[in-house]
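Comments concern the structure below.
The values are calculated or read from the model by the stated rules, or taken from the named source; none is laboratory data. Values in this document were obtained by computation on a predicted structure and should not be read as measured data. Here Cβ is always computed from backbone atoms with ideal geometry, including for glycine, and neighbour counts include all displayed protein chains.
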Amino acid sequence: MDVKIRDAATVILLRDRETRPSILMGQRGAKAAFMPNKFVFPGGAVDAGDSEIPFDNGRSPSDAQRLSEESQLSPETLAAAAIREVWEETAQVLGHRADWPDAPPDWRRFADTGHRPDARALEFIFRAVTPEGRPRRFDARFFLADAAALASDPDDFSGAEDELSHLQWVPLDEARTLDLPFITEVVLAEVSARITGRGAPTVPFFRNDDEAHLVTRLGGASPLGS
């Protein structure tokens, strides 16, 4: 049976880039239908309401172009999904201080922190489609964001929902000792390359849509916000 591919967004939060880089990860539950027990980055499927989230700051034309390639969703929708998933799964706020009295229902707790979503820290670095044969399939866009951009305490996960357990900052050089999905290992290699200046000025796209598991590259690279 064909499984519908859902659009999704994921965020790799990076801390201590210049000393010993760490990334924020959590563990999926043993009974989860998708990637049970695996350590992953916060992320998930795009919701219908993500297309209605206002952004009052600029976007990089390069990231906007890459995010728009072969996509029916706007860059703003994908950025909103990424910020919402980080908030829901970790209680971390990628936002700027502002009142938001008319926030949609899914965003009211976020608005209660006194912030509106802010995409300027997001850097689009990777895209991958879940291979065939999985119970769920996603077309996931991976964003890198520096923890310095958080408007919240990076060590306070008390407001997080329970989808991820064992939330923790994992040193990048130790991450591969965890139980990781294959694609997460590939993304980690891309993160390592970028923070050491070895990354290509393009975004890998693992299509997983034919026997060759085609990999292509999308556009040029720069932060989503400006």
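Checking the stated criteria, D139 turns out not to satisfy the condition of being of a type in the set (D, E, K, R) and in a loop (DSSP other than H, G, I, E, B). How many of the residues making up region 153-184 are more than 25 Å from R134 (Cβ to Cβ), in contact (Cβ under 8 Å) with a residue 24 or more places away in the chain and not in a helix (DSSP H, G or I)? Within region 153-184, residues that are more than 25 Å from R134 (Cβ to Cβ), in contact (Cβ under 8 Å) with a residue 24 or more places away in the chain and not in a helix (DSSP H, G or I) number 9.
To keep it simple, each residue is scored yes or no on (1) surrounded by fewer than 19 Cβ atoms within 10 Å (Cβ to Cβ); (2) basic (K, R).
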{"position": "D106", "(1), (2)": "yes, no"}
{"position": "R109", "(1), (2)": "yes, yes"}
{"position": "T113", "(1), (2)": "yes, no"}
{"position": "P117", "(1), (2)": "no, no"}
{"position": "A121", "(1), (2)": "no, no"}
{"position": "R127", "(1), (2)": "no, yes"}
{"position": "D156", "(1), (2)": "yes, no"}
{"position": "E161", "(1), (2)": "yes, no"}
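May I ask you to verify whether W107 is in contact with a Leu (Cβ under 8 Å, 6 or more places away or on another chain), assigned to a helix (DSSP H, G or I) and free of Cβ contacts under 8 Å to residues at least 60 places away in the same chain? No.
Among the residues making up region 1-13, those that are at pLDDT 95 or above, of a type outside the set (S, T, Y) and either outside any strand (DSSP E or B) or crowded, with 23+ Cβ neighbours inside 10 Å (or both) are A8, A9, V11, I12, L13.
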